[in-house]
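Inspection log for the structure reproduced underneath, given as structure tokens.
Just so it is clear, none of the values below were taken in a lab; they were calculated from the coordinates. The structure presented is a predicted model; accordingly, all values stated were derived computationally and were not measured. Glycine also receives a Cβ, built like all others from the backbone with ideal geometry; neighbour counts cover every protein chain displayed.
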2 protein chains.
Amino acid sequence: MSKEIGITVKKADDLSEWYTQVVTKAELADYASMKGFMVIRPYGYAIWERIRGYLDRRFKETNHSNAYFPALIPEGFLKKEAAHFKGFTPEVFWVTHAGENALSERLAVRPTSETIVYDSYSKWVRSWRDLPILINLWNSVLRAEIAATRPFLRTSEFLWQEGHTAHATKEDADNEVMQILEIYRQLIEEEMAIPVLAGYKSEREKFVGALYTTTLEAMMPDGKAMQMGTSHNLGQNFSVPFEMKYLGKDEQVHYAWNTSWGVSWRMIGAMIMLHGDDRGLMIPPRIAPIQVVIVPIYYKAADADAVTNKARSVAKLLRESGLEVHVDFREQYTPGWKFNEWELKGVPLRLEIGPRDVEKSQVSLVRRDDSRRLAISDGMTLAEVERCLAEIQDNLFNRAKSSLEALIGQVSDYDQFKKILERGGFLRACWCSSGECEEAIKAETGATIRTLPLTDETTFSGCIRCGKPARKVAYFARSY
Amino acid sequence: MSKEIGITVKKADDLSEWYTQVVTKAELADYASMKGFMVIRPYGYAIWERIRGYLDRRFKETNHSNAYFPALIPEGFLKKEAAHFKGFTPEVFWVTHAGENALSERLAVRPTSETIVYDSYSKWVRSWRDLPILINLWNSVLRAEIAATRPFLRTSEFLWQEGHTAHATKEDADNEVMQILEIYRQLIEEEMAIPVLAGYKSEREKFVGALYTTTLEAMMPDGKAMQMGTSHNLGQNFSVPFEMKYLGKDEQVHYAWNTSWGVSWRMIGAMIMLHGDDRGLMIPPRIAPIQVVIVPIYYKAADADAVTNKARSVAKLLRESGLEVHVDFREQYTPGWKFNEWELKGVPLRLEIGPRDVEKSQVSLVRRDDSRRLAISDGMTLAEVERCLAEIQDNLFNRAKSSLEALIGQVSDYDQFKKILERGGFLRACWCSSGECEEAIKAETGATIRTLPLTDETTFSGCIRCGKPARKVAYFARSY
């Protein structure tokens, strides 16, 4: 592989440049001609399809249905919930004309769908019998980004799913919020091998219009946190202005309780950054569009048939067990070039099959995570491939978990806080719960409260900034 | 079922009102608050998911991959292909501001993606080794509709898929166009039970920017044609302005050849209109989100366990064979109410299970298409359900095929043409191939050329309008 095709910078030397090279050279995505927008290419989209497939199955198992709501939302809808409007308007793309005609009211290109969804729900909900409504949307949302584009992480449009539910009681809504947070956690930790801290957002950091927000926060190799997914209890903040009322079993009229929740392709960015190395991408097996690549190797025409036939039959065997297998039959590239390309693309396992492997009734297996090479006897191929994939999945998670743990520092002194923050990571610190201290910490250090533990942890000092009695343990960090 | 909930108008009396009632009362879709837009509700979206699942599988089997391109397209891109720009601008939604800031160039909310796709392809294609590119997009497109909204049929936004390919030669592009047209035909005829005429569009009716367009045309019960899907050879009309060039095996630089093709949720509209009856929807089994609904029936508490247990075990049996089964356990509705509701929703088969069925080791089966009722002995349930579903699928197609054939009239006289057109249907007529005659026929009768047969048919008279020697047999109709 030529220098131009491979990654030319070390991950530890320049994470940002390394990231950009991995995304573009592994053909996950490309920059669109308009600033802020990206094109997600087939290999990147295939990862999104794996994520989508997993979540879609989990949502349906928990009685959610998919639906579709319009891409354009009247300005008047956004204005109905004041904090929500104020939060989103600076980044809304506004449609003002249809053809030659000026519109009487501006339409927002969907920045999120709460308002338009609840406009419909208010028509559909009459009685307690109509609740709960459990709907998920797969779509894209647009929020103008002024800062430099970073594929998957900072773009003016991104693919995501947004769930919107309506319930009879706050308790039902609370349960929904937590059920979804747990599905997200399983996706992120078990499928994507990314360990996270789960918790609540502070008042300052919660979703605009929410009663409270729960979040999952990962830690990137440069010591900055990344928000992976959020699940919100919206209380009655939307049901009141949208008049989403129902007649209860008690014959009284009540406002419904709403939740919303979403994850986006940003998770792919975290996966790249966390697991990749100097050779490129490393995709956890459970989320990999290609789990096993088979490279047939022969230099003499006389060997071609035996080698390619064996490659085909191994592929068939593995596919029958549900594995995603690609056989690289291309003749214009050398085996060495192919090895480098599939390593760049992060395929977890490579099987090499040459004349000697045919002769010895074996295949040569190479792991992407630790480069170990094993000769596998023919009867053992499926079992060994499955074992290695499971081991790689665990290995990636355990590595990331160790890194995360090493990057959680407990501090009780503000000078120490600032010093450790330069190293990066989560800072576990006590907090008086005042917005003033939270605001001051951000202004003075750039760190925000990423999350407050789901179950309050015992305080161990006064507030990290003001020294007054602390009410909460919080996890601070700089973030993406 | 109360009058308010059931369909209150006969299909034959007022097709338009009947259609609206079926769409809204079967909860397929609802009108959004903004004129021209609709919300697709879970039951309607589930039909779209069946269509999408089928096509996605077929596209992948034929080596296509999915990707995602931005929802906003710079005005300058659209302008690069003049006919294309002229065709789309009257209906484009224009974004002029991001937050408070006026944009330097207007952005179109995606009316179709040819231009932005080819802007990227031109960067990706260098050599014949990079071809073909076979990419499909699942997204929504927006085209401002001034006429009254009709769910699935005339809306300012619709869900669809758009395929965009690049090839080395015209022949490769021709083959792609026909391969996709055949996949569409199989979806529409074999899955959706809608017979179609396949053929070419005339120059006047082809896609703006295409070399030629192929189409599949169905006939609705009111005698108007509906375009179900199109597949275009774009020639080099886009590759030249977008400079999509490649170095051939011959070491010369060539422009690529492109195709594009798409089907939308409009097919769902045709399915509703063609198969529905006075009781509501009738969904062909192969595309039905619920293929079998089971209604447990008991009036005495003592029967509850036996009946519900049998309902559950029959559901399990059918699901294990891959059937989509719903058991309606709701207690606040009577069995009669449920029968009406599931008929309104077009579920192909209903199984009723009461105490007598338990006693006699049978289930009672009712077909949606002909209301026939059968008692099925327990050992035969799966076989009989599968047989009935296959029969219903065939029956719906054969009925629709007979209607289509009855609505193809051959004419060689223009007065007769006008007279038969009032009855509706396709008019098979000879045509001199001039745009003038085509234009005049449209102005004088409202009929357009829906399609020209894939293989030229033998002319049997002079041109239907001018009487001069005819070059083509064409199928004319009024259309949706």
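Treating only the Cβ of Lys, Arg, Asp and Glu as charged (+1, +1, -1, -1), what charge dipole size does segment B:408-477 show about its Cα centre? Round to the nearest 20 debye.
Values: 10 positive and 9 negative charges, 20 e Å.
Its charge dipole is roughly 100 debye.
DSSP loop trypsin sites (Lys or Arg not before Pro) in segment B:263-306 with at most 16 other Cβ atoms within 10 Å of their Cβ, which ones? Mind dumping the intermediate values first?
Details: sites: B:Arg266, B:Arg279, B:Arg286, B:Lys300; in loops: B:Arg279, B:Lys300.
Taking segment B:263-306 and a limit of 16 other Cβ atoms within 10 Å, the loop trypsin sites (Lys or Arg not before Pro) found are B:Lys300.
Which percent, nearest 5, of DSSP beta bridges in segment A:408-477 are antiparallel? List each step's numbers first, then the result.
Working: 8 of 11 bridges.
Of those bridges, close to 75 percent are antiparallel.
Which whole-angstrom value gives the distance between the alpha carbon centres of segment B:317-337 and segment B:150-220?
About 37 Å separates the Cα centre of segment B:317-337 from the one of segment B:150-220.
Relative to the longest principal axis of chain B, what angle (0 to 90°, nearest 10) does the C-alpha long axis of helix B:381-406 take?
Approximately 50 degrees, to the nearest ten.
Just name one of A:Ser239, A:His326, A:Gly336: the one whose Cα is farthest towards the positive end of the charge dipole of segment A:238-384 (beta-carbon charges, Lys/Arg +1, Asp/Glu -1).
Farthest towards the positive pole: A:Gly336.
Using a Förster distance of 22 Å, how high is the FRET efficiency between B:Glu190 and B:Glu405, based on the Cβ-Cβ distance and rounded to 0.05?
Working: r = 18 Å, r/R0 = 0.82.
The calculated FRET efficiency here is 0.75.
If the label for A:Trp128 sits 7 angstrom from Cα along the Cα-to-Cβ line, what are its distances to the same label in every other copy, in nm to one decimal, shortest first?
7.4
From zero outward in steps of 10 Å, how is the percent of C-alpha pairs of segment B:348-387 spread across the bins?
Once binned at 10 Å, the Cα pair distances of segment B:348-387 give 32, 57, 11.
Mind running the shape call on segment A:340-419? Use the C-alpha gyration tensor, a ≥ b ≥ c as the square roots of the eigenvalues: rounded below 1.5 for a/c, prolate if a/b tops b/c, oblate otherwise. Don't skip to the answer; put the middle values down first.
Numbers: a/c = 5.41, a/b = 3.22, b/c = 1.68.
Verdict is prolate for segment A:340-419.
Can you compute log10 of I(q)/I(0) for the protein assembly as shown with the Debye formula, treating each Cα as one identical point scatterer, at q = 0.08 Å⁻¹?
-0.90
Show the residues, 5+ positions off or on another chain, whose built amide H is closer than 5 Å to the amide H of B:Gly99.
A:Val92, A:Phe93, A:Trp94
Can you sort B:Asp369, B:Asp305 from fewest to most other Cβ atoms within 10 Å of each residue's own Cβ? It would help to have the intermediate numbers written out before the result.
On the way: B:Asp369 21, B:Asp305 11.
If I rank by nearby Cβ atoms, fewest first, I get B:Asp305, B:Asp369.
Checking the a/c ratio against 1.5 first, then a/b against b/c, what shape does the Cα gyration tensor give for segment A:408-477?
Values: a/c = 1.41, a/b = 1.21, b/c = 1.17.
Rounded, because the longest to shortest axis ratio a/c is under 1.5.
Taking only the Cα atoms of segment A:135-294, how large is their convex hull per residue, in Å³?
Values: hull volume 23.4 nm³, N = 160.
Residue-normalised Cα hull volume stands at 146 Å³.
Taking H placed 1.01 Å from N in the peptide plane, check which residues at least 5 places from A:Asn139 or on another chain put their amide H under 5 Å from its amide H.
Result for A:Asn139 returns A:Trp160, A:Glu162.
Find how many whole Å separate the alpha carbon centroid of segment B:338-377 from the alpha carbon centroid of segment A:55-95.
41 Å
How do A:Ser231, A:Ser202, B:Ser120 rank when sorted from fewest to most other Cβ atoms within 10 Å of their own Cβ? All intermediate terms of the calculation are to be shown ahead of the outcome.
On the way: A:Ser231 27, A:Ser202 20, B:Ser120 23.
Listed from fewest to most nearby Cβ atoms, that is A:Ser202, B:Ser120, A:Ser231.
Explain nothing, just compute: Karplus ³J(HN,Hα) = 6.51 cos²θ - 1.76 cosθ + 1.60, θ = phi - 60°, for every residue of segment A:302-318 in order, whole Hz, x for Gly and Pro.
Once rounded to whole Hz, the list reads 4, 8, 3, 4, 4, 5, 5, 5, 5, 4, 5, 6, 5, 4, 4, 4, 5.
Mind running the shape call on segment B:15-275? Use the C-alpha gyration tensor, a ≥ b ≥ c as the square roots of the eigenvalues: rounded below 1.5 for a/c, prolate if a/b tops b/c, oblate otherwise.
Working: a/c = 1.98, a/b = 1.34, b/c = 1.48.
Taking the square roots of the gyration eigenvalues as a ≥ b ≥ c, segment B:15-275 is oblate.
Check the straight Cα-Cα distances from A:Lys245 and name the aspartates and glutamates below 15 Å, setting aside those fewer than 8 residues away within the same chain.
Partners within reach: A:Asp119, A:Asp130.
Which residues' amide hydrogens lie under 5 Å from the amide hydrogen of A:Gly199, considering only partners 5 or more residues apart or on another chain, with H built in the peptide plane?
A:Thr215
With 18 Å as the limit, write out which pairs from A:Lys206/A:Lys442; A:Lys35/A:Lys345; A:Lys35/B:Lys86 have Cα-Cα distances beyond it, or answer none. Before the final figure, lay out the partial values.
Numbers: A:Lys206/A:Lys442 15 Å; A:Lys35/A:Lys345 26 Å; A:Lys35/B:Lys86 26 Å.
Exceeds cut-off: A:Lys35/A:Lys345; A:Lys35/B:Lys86.
Go through segment B:254-264 residue by residue and turn each phi into a ³J(HN,Hα) via Karplus (6.51, -1.76, 1.60, θ = phi - 60°); whole Hz please, and just put x for glycine and proline.
10, 7, 6, 10, 10, 10, 9, 7, x, 9, 10
Relative to the longest principal axis of the C-alpha atoms of chain A, give the angle of the C-alpha long axis of helix A:114-124, reported between 0 and 90° and rounded to the nearest 10°.
70 degrees
In whole Hz, with x marking every Gly and Pro, tabulate ³J(HN,Hα) for segment A:266-281 from phi via Karplus 6.51 cos²θ - 1.76 cosθ + 1.60, θ = phi - 60°.
Result, rounded to whole Hz: 3, 4, 5, x, 5, 4, 4, 5, 7, 9, x, 9, 5, 8, x, 5.
Sticking with the crude label model, points 7 Å out along Cα→Cβ, report the distance from A:Lys86 to A:Lys249 in nm, one decimal please.
3.9 nm
About the Cα centre, and with charges only on the beta carbon of Lys, Arg (+1) and Asp, Glu (-1), how big is the dipole of segment A:1-97? Nearest 20 debye, please. The partial results should precede the final answer.
Working: 14 positive and 12 negative charges, 52 e Å.
Taking the Cα centre of segment A:1-97 as origin, the dipole is about 240 debye.
Where does segment A:290-390 land on Rg(C-alpha)/(2.2 N^0.38 Å)?
Values: Rg = 12.4 Å, N = 101, 2.2 N^0.38 = 12.7 Å.
After normalising by residue count via 2.2 N^0.38 Å, the value is 0.98.
Rg and Dmax in Å for chain A, alpha carbons only: what are they?
Rg then Dmax for chain A, in Å: 25.4, 84.
Between segment B:270-304 and segment B:99-125, what is the C-alpha centre distance in whole Å?
First find each Cα centre; the distance between them is then 45 Å.
Note down the magnitude of the dipole of chain A about its Cα centre, charges +1 on Lys and Arg C-beta and -1 on Asp and Glu C-beta and zero elsewhere, to the nearest 20 debye. All intermediate terms of the calculation are to be shown ahead of the outcome.
Numbers: 62 positive and 65 negative charges, 71 e Å.
In debye, rounded to 20, chain A gives about 340.
Once the label point is set 7 Å along the Cα-to-beta-carbon vector, what list of distances in nm do you get between A:Glu251 and its counterparts in the other copies?
List, nearest first: 9.4 nm.
What are the distances, in nm and sorted shortest first, from the label point of A:Asp305 to the label points of the same position in each other copy, with each label point placed 7 Å from Cα along the Cα-to-Cβ direction?
The answer, with the shortest distance listed first, is 6.8 nm.
Projecting each Cα onto the charge dipole of the protein assembly as shown (Lys/Arg +1, Asp/Glu -1 at the beta carbon, about the Cα centre), which of B:Met271, A:Val366, B:Gln252 comes out farthest on the positive side?
B:Gln252
To the nearest 10 degrees, how steep is helix A:335-344 against the longest Cα principal axis of chain A, on a 0 to 90 scale?
Computed tilt is about 10 degrees.
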